[in-house]
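Colleague: Let me begin by handing over the structure; questions about it come next.
All of the numbers you see were taken from the coordinates with simple rules; none came from a lab. Since we're looking at a predicted model, the values are computed, not measured. Cβ placement follows ideal geometry from the backbone for every residue including glycine, while neighbour counts extend to all protein chains displayed.
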């Protein structure tokens, strides 16, 4: 995780003081209201930067803040139905308030490695010892190589950024994660949060979970392992009555990664055959498409003019030194160019711990801007072979040429594709029944032959007809 270094407080204080003096010199005490605003600005910034204030703004509630397990257990046993909260992003993105009586789970945020690095195996049982011997087992998640994997136990209140920073200091990284640094780990698991990995998403790297069933009213959480406790593990992963307390997650080495961005200009008019059918030809070199297909991390950004492919593959240290590393502000500038319609091609190197924020990330200011501009953010999971993605990109681009906005595409090799739509709506009354979203779903149904889709519950939940909605729990049929 790489954070933009904050402006030093001494320099900020100096600039504010200089501004106050200049206002007094040129305008006298008539400028007192402006001076008062400048004096209160640091306090307002400090208040907004606190996590609890951000949680209140995102959810529209004042969550209860129990400290530790016992106070949390007492709150869960209260007569009122309690809603556990992570970072509140799902309520912010879906334009809705949290249910009454929410609970802030931020106090549960410990992170610790479960086992030391092993040159020969991954101990799936999290390093538990029985009679002086460590239980060993084959890693369940197939895409992670056992010699390069370790297990980290993360409590639900810890954020993605905190986990990433903790692991990077130890030379480790999450194989897959959401790009929001301040998304809570438990919230990311429960809502199906994911990143850009081409083989498995974050939920596939979870080996075990500790959960509390608020319906049973027990005093201690239960532990369930993938494979060994399949039915219980699956219920903890998907059912709302289970509160995720912690998760054991496989990690990988924090190796160097080469990130490339390729920009394809979409022709304004798509050619048609003599039979009147569209020729789905993406003006892209075959070598570039093959490189994208084989990349460890991959992502596509589609708007009305461009199809932007981003891919990342592991490289060795010598190759990393050849490619210059992109600075944080340069990366932000390239990201801004993409949003305003003037993207550029580039290559840069980073670490696995940074790859998700280098590929695509949003600053808080950008999410606030999207909210003020009335963008609705909907994400669907569909099944589509990778070979049909070029046709899908052209279909999406033709839609965005008429309606504006963008769609982000993340594809697994297994054929599951995440389609993340952001498009403006005329008014907030149309959040649940936007004509743009309806047209987008109809295109997927009629042009691409997609019949079934699952809605990402961490974003806006809308009517997706004519697509058949599939519950998230049944759409992802894994081996748990």
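Colleague: Let me confirm something: among 161, 195, 157, which residue is closer than 15 Å to residue 357 by Cα and part of a loop (DSSP other than H, G, I, E, B)?
Modeller: Details: 161 fails: part of a loop (DSSP other than H, G, I, E, B); 157 fails: closer than 15 Å to residue 357 by Cα.
After applying the criteria, what remains is 195.
Colleague: Hey, could you check region 71-93 for residues that are more than 25 Å from the chain's Cα centre (by Cα) and free of Cβ contacts under 8 Å to residues at least 40 places away in the same chain and say which is farthest from residue 180 (Cα to Cα)?
Modeller: Among them, the one singled out is 79.
Colleague: Any idea which residue in region 426-440 is farthest from residue 200 (Cα to Cα), counting only those that are surrounded by 21 or more Cβ atoms within 10 Å (Cβ to Cβ) and out of contact with any helix residue (DSSP H, G or I) (no Cβ under 7 Å at 6 or more places or on another chain)?
Modeller: 434
Colleague: Could we say that residue 210 is in contact with a strand residue (DSSP E or B) (Cβ under 7 Å, 6 or more places away or on another chain) and in contact (Cβ under 8 Å) with a residue 24 or more places away in the chain here? Outline the logic, then answer.
Modeller: On the way: in contact with a strand residue (DSSP E or B) (Cβ under 7 Å, 6 or more places away or on another chain): yes; in contact (Cβ under 8 Å) with a residue 24 or more places away in the chain: yes.
It is true that residue 210 is in contact with a strand residue (DSSP E or B) (Cβ under 7 Å, 6 or more places away or on another chain) and in contact (Cβ under 8 Å) with a residue 24 or more places away in the chain.
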